[in-house]
Amino acid sequence: MSFLHPEILQLAPNYRHLEAFVRSLPERFDRGEGRVIHKSRNELRVISHEGQAYVVKSYRRPIAVNRIVYGFLRASKAKRAYDNANLLLNLGIGTPEPVAYLNIRSAAGLLFDRSFFVSVASTCPYRYEDLFKEEIPFADEVLRAIGHLTAKLHNAGLAHKDYGRANILFDKTERLGLRLELVDLNRMARGPLDIKAGCKNFERLPATPHMHRLMAETYAADRGFDPDECFSLMQAYRSTQPGKIDDKY
């Protein structure tokens, strides 16, 4: 590692052959390589390399004070996303396979500059929000599975802090059955979750009463809670969300 251009690179064991590719990501982003799939504060692109598609998330440069914090005191968002993906996989919870993270400091080596998280591109064709856009014959099965998955997370003392409509992916095939995958993992809360904290974690997921009922029943069964209380809490917490449009679904 050069002092003038310090980098921290972590590669998953099965992807050590991708070191040169991952180190080249800043230049690839700068020249606009890949297909943009999301761009706001951070940017996600699908970039293919040697016949495999990867999703690369580039985190924006932090504000001045956080460039010091992330440089010396706190794990970068890219590292947290990588670590949390491995944690979920070890728990048997689906997420696209993590490949690497790359942290880059400024030329002087003192301030945090950029970071990238790389995963294998998911093959799931649906996101939670697609439940409202098209007729999905196994929609009820998906909702029950979300209840089970969320309970598994919470029983492990974990809560996805960006548990929204774009961050739950799913698919169902004859060969693999129903699959759920969670994405956008850099913000994960740790600690015990009681019934109120657990049900509040669903608040960013738009849902009709029927949808809340299905998720509440499976979530409550796995956590030993009362399903009617879970249903009421999910509805109450969802009603506090600004600009919610559940009544249109």
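The values are calculated or read from the model by the stated rules, or taken from the named source; none is laboratory data. What you are looking at is a predicted structure, and each value in this text was computed from that prediction instead of being measured. With ideal geometry, Cβ positions are generated from the backbone for all residues, glycine too; neighbour counts draw on all protein chains shown. We work out accessible area using only protein heavy atoms, side chains counted, and drop any ligands, DNA or RNA first. Shrake-Rupley method; radii C 1.70, N 1.55, O 1.52, S 1.80 Å.
Taking the range 161-188, which residues are touching a helix residue (DSSP H, G or I) at 6+ places or on another chain (Cβ under 7 Å), buried (at least 16 other Cβ atoms within 10 Å of the Cβ) and of a type outside the set (Val, Ile, Thr)? Break it down into steps so the answer makes sense when it comes.
Step one: of the range 161-188, the residues touching a helix residue (DSSP H, G or I) at 6+ places or on another chain (Cβ under 7 Å) are 165-166, 168, 170, 178, 180, 182, 185-186, 188.
This time we only want the ones that are buried (at least 16 other Cβ atoms within 10 Å of the Cβ), so: 168, 170, 180, 182, 185-186, 188.
Within the range 161-188, 170, 180, 182, 185, 186, 188 qualify.
Name the pairs whose Cβ atoms lie under 9 Å apart, with the first residue in the range 20-41 and in contact (Cβ under 8 Å) with a residue 24 or more places away in the chain, the second surrounded by fewer than 10 Cβ atoms within 10 Å (Cβ to Cβ), and 6 or more positions between them or separate chains?
21/50
Listed here are the residues, each with its yes/no results for (1) open to solvent by 30 Å² or more (accessible area, probe 1.4 Å); (2) part of a strand (DSSP E or B); (3) touching a Phe, Trp or Tyr at 6+ places or on another chain (Cβ under 9 Å).
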{"position": "104", "(1), (2), (3)": "no, yes, yes"}
{"position": "114", "(1), (2), (3)": "yes, yes, yes"}
{"position": "135", "(1), (2), (3)": "yes, no, no"}
{"position": "142", "(1), (2), (3)": "no, no, yes"}
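Could you grab the pairs with beta carbons closer than 8 Å, sequence gap of 6+ or different chains, first residue in the range 220-249 and under 20 Å from residue 194 (Cα atoms) and assigned to a helix (DSSP H, G or I), second one open to solvent by 50 Å² or more (accessible area, probe 1.4 Å) and at pLDDT below 90?
Correct list of pairs: 238/244.
Going through the range 189-217 one residue at a time, which ones are open to solvent by less than 20 Å² (accessible area, probe 1.4 Å) and closer than 27 Å to residue 81 by Cβ?
198, 199, 202, 205, 206, 207, 215
State whether one or more residues within the range 21-34 are open to solvent by 40 Å² or more (accessible area, probe 1.4 Å), of a type in the set (A, V, I, L, M, F, W, C) and modelled with pLDDT of 95 or more.
no
How many residues are of a type in the set (S, T, N, Q), in contact with a strand residue (DSSP E or B) (Cβ under 7 Å, 6 or more places away or on another chain) and closer than 27 Å to residue 137 by Cβ when one looks only at the range 161-204?
The initial filter retains those residues of the range 161-204 that are of a type in the set (S, T, N, Q), namely 167, 173, 186, 201.
Then drop every residue that is not in contact with a strand residue (DSSP E or B) (Cβ under 7 Å, 6 or more places away or on another chain), which leaves 167, 201.
Next, from what is left, pick out any that are closer than 27 Å to residue 137 by Cβ: 167.
Summing the residues that are of a type in the set (S, T, N, Q), in contact with a strand residue (DSSP E or B) (Cβ under 7 Å, 6 or more places away or on another chain) and closer than 27 Å to residue 137 by Cβ in the range 161-204 gives 1.
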